Amino acid sequence: MLNANLEKFCNENFKNSKLILQKLYEYKKMVIDENEKMNLIGKSTIDDFDQRHLLDCIQIIKYLPHNEKTHMDIGSGAGLPGIVLSIIGYKNLHLVEKSSKKSIFLENCKSRLGLEYIIHNKSITDLKDLNIDYITARAFAPIEKIISLTKKIIYKHTKFILLKGKSYLSELQLINRNKYFWEAHPSITSDESKIIVVGAK
């Protein structure tokens, strides 16, 4: 069973919600099982997995075009939000994770769930010349650092869709407002969290 809020969101937003919910449930089981061997998510969040992780990630679709644009999830870890985006149908998807163990987990999810994405088992700074349209990240690094780390793979029209906690305001104050614009949107899973959209002016 999955959280009622998650089921409602999927039923309202996706025509193939039954299949999506089935894959989300399988993915959830994989994360929780593997979390016994390596630290994919905080153990205190397992009981509220659907809300804290799945719904939290899925809500960003409002800011991501569902088309042939190129998407990259950096510091993907357990695949949040990268694998979730793949499950709900995003293509041209790149997942960046420098941990070999976590990259193997991402590969196993790809195979078992029949998903499509490219895994880069390396540091984000080792990638270049990819011209990524949209970059997502969750619990990875401060906003200014994310912009700096991705400078070899972004171009003028790249947008960052970042899931941030209560530190978001202090992070935004460090962004050069002459070069970048930003928007802070409410999260449907936490009053303290925001979805931050950043792009070049």
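Bear in mind that the values in this text are calculations on the coordinates, not laboratory data. Small disclaimer: the values here were computed from a predicted structure and weren't measured. In this analysis, Cβ positions are derived from the backbone assuming ideal geometry, glycine residues included, and neighbour counts consider all displayed protein chains.
Odds and ends about this structure:
- Options ILE20, ILE32; residue that is farther than 19 Å from LYS159 by Cα, in contact with a Cys (Cβ under 7 Å, 6 or more places away or on another chain), touching a residue at least 12 places away in the same chain (Cβ under 8 Å) and not in a loop (DSSP other than H, G, I, E, B): ILE20
- Within the stretch 40-59, the set of residues being in contact with a helix residue (DSSP H, G or I) (Cβ under 8 Å, 6 or more places away or on another chain) and outside any loop (DSSP other than H, G, I, E, B) comprises THR45, ILE46, PHE49, ASP50, GLN51, ARG52, HIS53, LEU54, LEU55, CYS57, ILE58, GLN59.
- Members of the stretch 171-198 found to be of a type in the set (Asp, Glu), in contact (Cβ under 8 Å) with a residue 24 or more places away in the chain and surrounded by fewer than 16 Cβ atoms within 10 Å (Cβ to Cβ), listed by number: GLU192
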